[in-house]
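Okay, structure first, notes after.
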Amino acid sequence: MIIKETYPVAADDMSVAGDVSASIKRQMKRLGIPNQIMRRVSVCTYEAEINLVIHSDGGEIDFAISEDEICVHVRDVGPGIPDLDKAMTEGFSTATSEVRNMGFGAGMGLPNMKRNADGFAITSEVGKGTDIVMTFNI
Amino acid sequence: MKVSELIALSGAKCLTGEYEDREIACGYTCDLLSHVMGKGQADMAWITVQAHMNVIAVAALLDFACVIIPESLPVEAPIIAKAQDEDIIILSSEKTAFELVVLLAANGVAPAKKG
């Protein structure tokens, strides 16, 4: 393991949403990760971070780089997603009108993550939380 | 097309002051941030009426050439300061998003590729 860090993400604080993704991008840049991979990881970490801020009760993002893989592990403490198939559908969103007015809630977050990661696994339990593991080949 | 040429042709103002004169590789206009995350490419000019912190985050993460705010919509000072910290160029134009797209396209800027 070259690097492994955990970043907490607080619920509801839109003013700092994106800061964790920016930190992760800086780490990748420092380590010389190729631009194309950096871009895809950034899309995924940003979408995950925004989801944690606008939908979750708070959570964490683990960011790990090994010799041949980047792993982003996102988990929160609730409220969980009742229908994962729906949540994975482009255009489906449960975002409030307030965050929609800021340009969020297009229903593209999870589909963007799935499209940009080489490996994508999501589990969710209502009342417990959501867990997403995304991997990227280096 | 370079950012300086866009400024000269459109009469836009650079809100972030001095800038590195980057080449604009392609353009895109959308106000839904996830669509922009999906389509965004390095060196892209992004036209949006959204002018809040998260716009700067998206532009920085995807290394855009510039963000163009149409119709002289207001951009608050903390947003400009954040953009300066992140080396993001914010231009403000009196033109509408449509007029800006026409101008970019007429001067050879390609659409962002399908994401």
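Where a number appears in this text, it was derived from the coordinates with a stated rule and is not lab data. What you see is a predicted model; the values in this text were computed from it and never measured. Neighbour counts run over all protein chains shown; Cβ positions are idealised from the backbone, glycine included.
Observations
- Listed values for segment A:57-69 are Karplus-derived 3J(HN,Hα) couplings in whole Hz (6.51 cos²θ - 1.76 cosθ + 1.60, θ = phi - 60°), namely 8, x, x, 9, 10, 8, 10, 9, 10, 10, 4, 10, 8, and x replaces Gly and Pro.
- Each Cα pair under 8 Å and six or more residues apart adds its separation to the average, and for segment A:3-137 the resulting relative contact order is 27 percent.
- Within straight-line reach of A:Lys25, meaning a Cα separation under 20 Å, sit the following lysines at least 8 residues removed in sequence or on another chain: A:Lys4, A:Lys114, B:Lys39, B:Lys82.
- Alpha-carbon centroid distance for the pair segment B:4-21 / segment A:1-71, whole angstrom: 31 Å
- Hydrodynamic radius (Kirkwood) for chain B, which is based on Cα pairs only, to one decimal in Å: 13.6 Å
- Principal semi-axes in Å for chain A [√(5λ), Cα gyration tensor, largest first]: 24, 15, 14
- Rounded to the nearest whole Hz, the Karplus-based 3J(HN,Hα) values (6.51 cos²θ - 1.76 cosθ + 1.60, θ = phi - 60°) of segment A:81-97 follow the sequence 10, x, 9, 5, 4, 5, 4, 7, 7, 4, x, 7, 8, 10, 5, 6, 5, with x at glycine and proline.
- Counted charge near A:Lys114, where neighbours are those whose Cβ lies closer than 15 Å (Asp, Glu -1; Lys, Arg +1): -2
- Those aspartates and glutamates that a straight Cα-Cα span of less than 17 Å connects to B:Lys13, excepting residues fewer than 8 apart in one chain: B:Glu5, B:Asp21, B:Glu71, B:Glu76, B:Asp87, B:Glu94, B:Glu99
- Amide proton proximity set for A:Ile3, modelled H, under 5 Å, gap of 5+: A:Ile65
- Net charge over other residues, Cβ less than 15 angstrom from the Cβ of B:Leu6 (K, R count +1; D, E count -1): -3
- Equivalent-ellipsoid semi-axes of the protein assembly as shown, from the Cα gyration tensor, Å, largest first: 31, 20, 16
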